[in-house]
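Report on the following structure.
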Amino acid sequence: GLALLPLAVSPAAAPGGCPSACYCVTTPELVQCRYERLEEPPKELPVTVHNLSIFGSNLSVLRPAAFAARPLPDLRLLRLRHDNIQTIEDMALQGLPALRTLDLSHNPLLWVAAGAFAGVPLLRTLQLNQALLAAPLEEQLALALRNLSLRRLELAGNTLRALPATLLPAGLEELDLRNNSLQRLTAAELRSLEAPGLRGLRLTLGANPLSCDCALRPFLAWLRAAIARVPDARNLRCAGPPPLRGATLLRLRPEGLPCTAAEGGEPGRLETASYVFFGIVLALIGIVFLMVLYLNRRGIKRWLHNLREACRDQMEGYHYRYEQDADPHRTSTIGTP
């Protein structure tokens with residue numbers, strides 16, 4: 001938190017003025033406005049500000065040039081988390097030409113205008129974690145991002161059920177899809193990741209409910225071949241079906257993943273055939289064993305009889321020696337010189 005930073009200065013001392021509801025820190029210039037219930041971005045910001053963070057306010061609508069009351073040519077990072085932002089209008093970020101990172105996480109976005117991110121040509125990182133829960137915004141965001149050259153896109157915690165292919169601009173290097181509702185990546189989605197502009201894309205996929213059935217086979221095969229593109233690949237685990245729950249994904253064989261009839265495949269054909277063959281072999285071995293016992297029943301009976309007689313003779317020998325050793329008269333006679 002800002003309280004740990006020793007360079008916090010009072011609003012009066014901040015170069016260029018510091019809003020009364022915020023804290024300003026120098027070297028580099030940083031402004032934080034936390035839980036002040038602001039209805040709009042502060043107007044009087046230091047011209048030299050590099051990082052601006054507004055937390056816990058009520059910025060429900062970002063209107064055009066919302067941060068351009070005073071030119072902010074050096075602002076590079078803008079964090080607007082937990083600010084109840086619902087609408088981003090055209091040119092909302094006008095006047096921030098150096099902006100490289102924008103964090104809109106934890107906002108209930110309902111509408112994003114096609115020109116919402118116009119005016120920030122250097123934007124490279126966009127964080128939308130838990131920001132797409134209130135409404136389906138994929139088409140709107142696709143239009144808003146079409147002219148950007150993003151390098152990192154964060155979409156964690158948005159209950160996404162499919163790869164948002166329309167949100168992946170050419171040149172994207174990192175995509176965070178953790179903690180969504182992805183059960184798998186389909187063959188079509190995997191092909192989209194092999195597009196010329198996305199071959200260097202790295203994905204993080206942890207905390208998704210991966211379903212380890214036969215529909216996962218294309219993704220598992222791709223993952224084994226492109227493990228360097230999924231930094232958390234070794235931590236991916238199955239959420240189902242029950243026999244495989246908790247299993248490490250990379251330890252499974254694609255051909256061993258079971259199918260159900262509803263998935264349009266032949267239910268676990270290879271796996272089922274293996275078990276059936278193994279059962280037949282065991283049954284044949286058992287039958288042969290029983291037949292051998294039956295055909296040799298007389299010999300076995302004779303062998304058991306001989307074994308019993310041998311054991312009886314042995315025990316009688318032990319018993320005789322024991323009686324001889326226990327006879328006191330014999331013992332005294334042997335001991336007399």
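The values are calculated or read from the model by the stated rules, or taken from the named source; none is laboratory data. In this text the structure is predicted, and so the values were computed from the model without any measurement. Neighbour counts are summed over all protein chains in view; Cβ atoms, including those assigned to glycine, are modelled from backbone coordinates with ideal geometry. The accessibility values were calculated without ligands, DNA or RNA, using every heavy atom of the protein model including side chains. Shrake-Rupley method; radii C 1.70, N 1.55, O 1.52, S 1.80 Å.
Some notes on this structure:
- Overall Cα dimensions of region 150-259, principal axis frame, Å, largest first: 41, 26, 21
- Annotation for region 157-266: trypsin sites (Lys or Arg not before Pro) lying in DSSP loop with at most 15 further Cβ atoms inside 10 Å of their Cβ are 161, 199, 245.
- Accessible surface of region 150-259 [probe 1.4 Å, protein heavy atoms]: carbon and sulfur percent: 53 percent
- Ranking 185, 155, 175 by Cα position along the charge dipole of region 150-259, where only Lys, Arg, Asp and Glu carry charges on their C-beta atoms, puts 185 farthest toward the positive end.
- 1.4 Å probe accessible area per residue over region 18-120, in Å²: 41 Å²
- Farthest toward positive dipole pole in region 18-120 [+1 Lys/Arg, -1 Asp/Glu at C-beta], among 42, 119, 104: 104
- Charge tally in the Cβ shell below 13 Å around residue 170, where Lys, Arg are +1 and Asp, Glu are -1, residue 170 excluded: +1
- Region 18-120 - percent of accessible surface contributed by carbon and sulfur, probe 1.4 Å: 52 percent
- Amide H partners (placed H, <5 Å) of residue 110, local residues excluded: 87
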